[in-house]
Structure formats: C-alpha cells, structure tokens
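These notes concern the structure reproduced below.
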Amino acid sequence: WRVKAAALDRLSQVAELAPKQVSRLLPKIIPTVTAQVWDTKPQVTKSANQTLLAVCQTNENPDVSPAIPAVVNAISKPA
C-alpha cells in the first residue's frame, strides 16, 4: 500500500509541475486513479482523492473548471 500511496503522491507532483502533459493524458490517468479510490487502505484512498483532484485541475477547459471539485467528490463518495 505504501508504494501505491507514494506513486499517487508523485503523480500529484507531476500534475503541478507539468500540467499540460498531464492534461493530455487525463483519459488514461483518471480511470487508473479512480480505481485506487476504492482501495482497502485509507492512506491509499486519501492519496487517490488528492491525486484525482490534482490531475483533474490540469484540465484547461474553463467551462469544466468550476465543476471539478464536485465531480471528484461524486467519484469518491457516490450517492
């Protein structure tokens, strides 16, 4: 679980340092990170939620930007 959490934390850092590159890979990144939201370890779940928010915020579409926190919240805590 520590490797997963560390990898997710590094991905968050990459999203901050290279947002354009991460933005282009969102269709591949989001499903992978979303799968980690449901991990049994709370540390991995916490890192996955933070990473999902960080990578989604690299999206350059101004129409989508205001909804990103709500979408991430819906993914991590569906009704």
*In region 35-59, how many are without any contact (Cβ under 8 Å) to a residue 40 or more places away in the chain and within 19 Å of Leu25 (Cα to Cα)?*
8
*Could you grab me the full set of residues in region 38-54 that are of a type outside the set (S, T, N, Q) and crowded, with 19+ Cβ neighbours inside 10 Å?*
Val44, Ala48, Leu52, Leu53, Ala54
*Thr51 being β-branched (Val, Ile, Thr) and either at pLDDT 95 or above or touching a helix residue (DSSP H, G or I) at 6+ places or on another chain (Cβ under 6 Å) (or both)*: yes
*asked:* Among the residues that make up region 11-27, is at least one of them charged (D, E, K, R) and surrounded by 14 or more Cβ atoms within 10 Å (Cβ to Cβ)?
replied: no
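The values are calculated or read from the model by the stated rules, or taken from the named source; none is laboratory data. Predicted model, so just to flag it, every value in this text is computed and none were measured. Backbone-built Cβ (ideal geometry, glycine too); neighbour counts: all protein chains shown.
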